């Protein structure tokens, strides 16, 4: 008999009742070091006082009005995002998937208003993950996401990751209007797009007039040590999807764009009942205030180097379990020799939480507020998990 909760997840039996910073507390009282942060959502950890304060203060005043009215909290968060990014304008929604939907609509409407409605094709890349709506899985194109959900939406063309010749050839297609890419793939296995390639994408888009759409749903909001990952390459997109970390645990997404890219999105072309509600925007503004305060991102970069050093030592100590470290900032991956799901399970026993990804990679996504002592403790627990997996391998 089916469970009351749709069984679309293969869930562990762990059941957490409380979070404190980088720790999660199970119903039985065990304390787990959280190296997954809700899949890169809990950017400031669990129970951050600034977020708790912002949420409770706003909850005592006003929760929801809809977008029929001006929402001061929405305008405040949008102003912060515009101040600190390339964007001229922001649309708020409830998730990264919804931000992807608007990115696709915005790109198509841009070309319609520009007198080239045939430029509907968006180039994407193998291994991508842009959400789980029909449009988002059509954009990614992988069998894992799309099997059984056809017919898929037309208008997307997937290219091999890192195949520059294929990209240059596809970019010449007159039906192409945009290129959409994650600067650092998460679900795809923590695959980093080198700065030179991101610069090349910007140049290619400029050469052919394409819009550059960046998906920073997982890699943005300070996760790589800059506010957004593309900043390392010194370029700017035309459109960008944001979610996860921007709400620090509150479900909010955003679509950021230049005035030019957004020129077709006039009144009535898009909407969201809940998007940009006062609660979510109050929390998002608090997140932005914390991440953009003096010294915060410098601290993230320092902790990133410490974590990477610790993980490199872990790989060296367990060559039968791990192959190497990949990624950037506090969005790192352990390329595994043993099945990554075995290491996740062994981590549960060692009371450390990680997240599996494609290419047999184990994602390490701690809160940006994690301390060096907590990093050392988390890696020590991963070492315990690796020992258990090594013994399993030896006994097989």
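What residue among 11, 191, 30 shows peak mean-square fluctuation when the chain is described by a Gaussian network model with Cα springs under 10 Å?
Of the options given, 11 has the highest mean-square fluctuation.
Tell me, in nm to one decimal, what length is gained between residue 149 and residue 301 on full extension, where the rule is 0.36 nm per residue of separation less the Cα-Cα distance?
Net length gain for the segment: 50.6 nm.
Using a 10 angstrom cutoff on alpha carbons, build the Gaussian network for the chain and name the most mobile of 213, 246, 291.
Sorting by GNM fluctuation, first place goes to 291.
In a Debye calculation with equal point scatterers on the alpha-carbon sites of the chain and no solvent, what is log10 I(q)/I(0) at q = 0.06, 0.08, 0.11, 0.14 Å⁻¹?
Debye intensities relative to I(0), on a log10 scale: -0.24, -0.42, -0.81, -1.29.
Ignoring everything except DSSP H segments at least 4 long, calculate the 222 nm mean residue ellipticity for the chain; use -39,500 (n - 2.57) per segment, divide by total residues, nearest 500.
-12000 deg cm²/dmol
How big is the gap, in Å, between the Cα center of segment 9-68 and the Cα center of segment 83-116?
28 Å
Under the rule a/c < 1.5 gives rounded, and otherwise a/b versus b/c splits prolate from oblate, where does segment 185-306 land using the Cα gyration tensor?
Oblate.
Can you tell me which of 272, 37, 95 moves the most in a GNM of the chain? Springs connect C-alpha atoms under 10 Å apart.
272
Run the quick spin-label model on residue 11 and residue 394: label points 7 Å from Cα toward the beta carbon, then report their separation in nm to one decimal.
Modelled inter-label distance: 3.7 nm.
Across all directions of projection, what mean area in square nanometres is found for the Cα convex hull of segment 285-370?
Spelled out: convex hull of the Cα atoms, projected over all directions, averaged, 6.2 nm².
Could you give the length gained on full extension between residue 132 and residue 272, defined as 0.36 nm per residue of separation minus the Cα-Cα distance, in nm?
So the chain would gain 48.6 nm between residue 132 and residue 272.
For a quick size check, give me the Cα extents of segment 1-141 along its three principal axes, largest first, whole Å.
Computed over segment 1-141, the largest-to-smallest principal extents equal 62, 42, 31 Å.
Which shape class applies to segment 213-280: rounded if a/c is under 1.5, otherwise prolate when a/b exceeds b/c and oblate if not, where a ≥ b ≥ c are the square roots of the Cα gyration tensor eigenvalues?
oblate
Neighbour counts of other C-beta atoms within 10 Å: give me 168, 381, 363 arranged from fewest to most.
168, 381, 363
Could you list 258, 369 so that the one with the fewest beta carbons within 10 Å of its beta carbon is first and the one with the most is last?
258, 369
Roughly what would the spin-label model give for residue 114 and residue 195, points 7 Å off Cα along C-beta, in nm?
Result: 2.8 nm between the two label points.
Determine the percent antiparallel among the DSSP beta bridges restricted to the chain, to the nearest 5.
DSSP beta bridges in the chain are roughly 65 percent antiparallel.
Rule-based calculations on the coordinates, nothing more; no lab input. Note that the structure is predicted; figures quoted are calculated from it, not measured. Note: ideal-geometry Cβ built from the backbone for every residue, glycine included; neighbour counts use all protein chains shown.
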